[in-house]
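Take a look at the structure set out below.
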Amino acid sequence: MAAKPTRARIRSYNVGFGDCFLLTFFYGEDDTRDILIDFGSTKDSPFGPAKGMLAIAEKIREDSGGKLDMVVATHRHRDHISGFGGDPGDVIASLKPELVLQPWTEDPELEPDARGRPDAAGGRGAPGLVARLANMQAVAQAIKDEVPNLKASPHVRKTVREQLEFLGDTNIANRDSVVNLMKMGKRAVYANFGTELDVAELLPGVGLEVLGPPTLEQSAEIADQREKDPDEFWQLAAASAAAATVAADKPTLLFPDAAVPAETATQEGRWVIPEIERMRSEEMLAIVRSLDSALNNTSLILLFEVGDTRLLFPGDAQIENWSYALFTAPNHEEIRKRLATAAFYKVGHHGSLNATPKTLWSGFKRANEEKTPDRLSTMVSTLAGKHGSEARGTEVPRKLLVTELEHRSNFQDTETLRSADEFWNDVEFEF
């Protein structure tokens with residue numbers, strides 16, 4: 001085998017709303033190392049293969065030559081790991097990965113009733129965080145079970161019902177996938193910022209750096225989510241537009257979303273009943289949004305390096321996760337210098353407003369409007385209309401961000417794929 005790869009290919013499969021990337025390093029035409037980074041979906045693409053995730057699993061088996069060297073599950077969200085369960089998961093497990101890499105919060109020793117050191121991998125307070133995530137996922141399951149009742153209520157807004165169903169499904173525990181991931185690899189590593197991975201034999205000539213998530217001892221920020229960040233989020237234009245729209249439409253009804261009650265209801269009932277049901281549904285939505293953000297802040301951030309070529313895969317990492325590597329880690333200045341030279345960026349969180357910090361984006365030296373030979377390549381796996389709100393400027397993918405990606409990088413989007421036979425995008429690099 002050659003001492004280092006001669007080229008790399010990144011293949012993004014059209015899983016709908018989810019992520020699935022196969023990173024292949026070529027040491028010769030018939031000598032490759034294959035890394036599967038995430039395999040999940042919460043909504044199939046209408047243009048994807050007829051057998052859905054199973055067909056994609058079979059294509060991964062073909063593309064990898066029947067062998068995976070590494071599987072990466074960046075975090076526990078369904079849209080990143082659902083394919084590791086059921087029949088598609090059996091196909092992936094049959095490829096016998098040498099290493100399965102997950103974030104430190106997935107370490108089974110961190111379960112509150114597990115044997116072993118209570119501070120394993122995550123530091124002080126880690127078992128509490130993991131237990132809290134597990135409890136919140138149980139709540140997400142209960143909320144998902146309540147969706148049929150909410151659909152029957154005329155007082156719950158359609159957009160709230162749809163987001164509850166989507167986020168509830170995204171945030172349930174996905175137990176079959178979790179269990180399969182735990183046992184499919186010859187070796188399992190649960191990583192955090194700074195974890196040193198010995199991949200020299202597995203990936204000759206390839207460096208791999210873990211930039212996130214931090215542990216709670218490294219950064220307590222990952223336990224929280226910022227509502228707004230004008231310096232880092234892609235939100236301001238939409239916020240201004242929304243404000244202008246409200247102003248232009250005045251006067252408005254006090255409760256515009258409340259259904260008109262039956263004439264037989266009392267005066268108090270005509271007001272109270274719709275408001276109670278509406279408030280309850282929106283409180284439930286706030287709960288699953290909190291879990292959604294908490295799990296995103298446990299996402300792995302990986303930087304692959306071959307010579308001067310760097311490939312960045314941040315999963316769904318949000319600003320709280322990114323902040324440690326970008327601003328507060330002891331070596332954050334060196335990290336930012338390495339990130340600045342990245343040749344490839346997997347767009348975070350399907351193109352959401354808070355997963356591509358502006359500090360990160362503005363630092364990419366290869367991002368430019370001219371189509372130079374070394375221009376930054378970007379890929380996003382997404383499906384519009386499933387997450388967030390255009391009226392609030394939180395739609396996924398975020399239009400402001402997509403416009404910037406299109407103008408300043410070689411951008412590929414799974415939404416442009418319209419074939420059930422060729423359901424993938426490729427980008428390649430020569431070394």
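The values are calculated or read from the model by the stated rules, or taken from the named source; none is laboratory data. Remember, it's a predicted structure, so these values are computed and weren't measured experimentally. Positions of Cβ are backbone-derived with ideal geometry, glycine not excepted, and every protein chain shown enters the neighbour counts.
List of remarks:
- Checking each residue in the stretch 64-81 for being in contact with a Phe, Trp or Tyr (Cβ under 8 Å, 6 or more places away or on another chain), farther than 24 Å from residue 27 by Cα and either in a helix (DSSP H, G or I) or of a type in the set (A, V, I, L, M) (or both) picks out 73, 79, 80, 81.
- Looking only at residues in the stretch 56-84 that are over 12 Å from the mean Cα position of the chain (by Cα) and among the hydroxyl-bearing types (Ser, Thr, Tyr), the one that is surrounded by the fewest Cβ atoms within 10 Å (Cβ to Cβ) is 64.
- Members of the stretch 399-419 found to be of a type in the set (Asp, Glu), under 19 Å from residue 354 (Cα atoms) and within 18 Å of the chain's Cα centre (by Cα), listed by number: 413
- Within the stretch 33-48, being buried (at least 21 other Cβ atoms within 10 Å of the Cβ) and part of a loop (DSSP other than H, G, I, E, B) holds for 40, 41, 42, 45, 48.
- Pair list, Cβ under 9 Å, 6 or more apart: the stretch 409-420 residue within 24 Å of residue 369 (Cα to Cα) and in contact (Cβ under 8 Å) with a residue 24 or more places away in the chain, other residue assigned to a loop (DSSP other than H, G, I, E, B) and among the β-branched types (Val, Ile, Thr): 411/347; 413/347; 413/382; 414/15; 414/382; 415/382
So that you can scan it fast, the table gives a plain yes or no per residue for (1) within 13 Å of the chain's Cα centre (by Cα); (2) closer than 22 Å to residue 102 by Cα; (3) modelled with pLDDT under 95:
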{"site": "304", "(1), (2), (3)": "no, yes, no"}
{"site": "313", "(1), (2), (3)": "yes, yes, no"}
{"site": "321", "(1), (2), (3)": "yes, yes, yes"}
{"site": "331", "(1), (2), (3)": "no, no, no"}
{"site": "334", "(1), (2), (3)": "no, no, no"}
{"site": "337", "(1), (2), (3)": "no, no, no"}
{"site": "364", "(1), (2), (3)": "no, no, no"}
{"site": "367", "(1), (2), (3)": "no, no, no"}
{"site": "397", "(1), (2), (3)": "yes, no, yes"}
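- Any chance residue 203 is crowded, with 20+ Cβ neighbours inside 10 Å and modelled with pLDDT of 95 or more: yes
- Looking only at the stretch 369-380, and only at residues there that are in a loop (DSSP other than H, G, I, E, B) and out of contact with any helix residue (DSSP H, G or I) (no Cβ under 8 Å at 6 or more places or on another chain), the one that is surrounded by the fewest Cβ atoms within 10 Å (Cβ to Cβ): 373
- Hits in the stretch 398-431 (condition: in contact with a strand residue (DSSP E or B) (Cβ under 6 Å, 6 or more places away or on another chain) and more than 23 Å from residue 62 (Cβ to Cβ)): 405, 409, 410, 411, 413, 430, 431
- Considering the stretch 1-15, the residues that are surrounded by fewer than 24 Cβ atoms within 10 Å (Cβ to Cβ) and not in a strand (DSSP E or B) include one that is modelled with the lowest pLDDT, namely 1.
- Residues in the stretch 39-90 that are in contact with a Gly (Cβ under 9 Å, 6 or more places away or on another chain) and of a type in the set (D, E, K, R): 43, 44, 78, 79.
- Of all the numbered requirements in (1) aliphatic (A, V, I, L, M); (2) out of contact with any Lys or Arg (no Cβ under 7 Å at 6 or more places or on another chain); (3) closer than 22 Å to residue 72 by Cβ, residue 379 misses one, and that requirement is (2).
One line per residue, one yes/no per condition, for (1) in contact with a Phe, Trp or Tyr (Cβ under 6 Å, 6 or more places away or on another chain); (2) crowded, with 17+ Cβ neighbours inside 10 Å; (3) under 21 Å from residue 80 (Cα atoms); (4) not aliphatic (A, V, I, L, M):
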residue	(1), (2), (3), (4)
356	no, yes, yes, yes
362	no, no, no, yes
367	no, yes, no, no
391	no, no, no, no
